[in-house]
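This report concerns only the one structure given below.
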Amino acid sequence: MLRALGNVAVGDNDPYAVVIGEDYTVSEHAVPHGRPHLQLEIRQDLVARDADARAWAERLHPLFAELLEIAR
């Protein structure tokens, strides 16, 4: 979905992988309960200003809404 925007660098767990015991939210609330999950990282320099953070929220909101529909 993000790749379809064309101007976003997307990696698959790159450079990180979820590590049980180190990554609290996913390993505590999703994995042990078999819940679908997503871990997203945005470079801090891309959300440092309020306007930039708002732009990312607006960009991601429709994608997350679509994922929630798929997960239902």
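The values are calculated or read from the model by the stated rules, or taken from the named source; none is laboratory data. Owing to the predicted nature of the structure, the values given are computational and were not obtained by experimental measurement. Every residue, glycine among them, receives a Cβ derived from its backbone with ideal geometry; neighbour counts consider all protein chains shown.
Observations on the structure shown:
- Residues of region 2-14 that are surrounded by 10 or more Cβ atoms within 10 Å (Cβ to Cβ) and part of a helix (DSSP H, G or I): L5 alone.
- Contacts under 9 angstrom Cβ, first residue in region 56-72 being closer than 13 Å to I42 by Cβ, partner in a helix (DSSP H, G or I) and modelled with pLDDT of 90 or more, 6 or more apart: W56/L46
- Among the residues of region 15-72, those that are over 25 Å from A4 (Cβ atoms) and assigned to a helix (DSSP H, G or I) comprise Y24, T25, S27, E28, H29, V31, P32, H33, D50.
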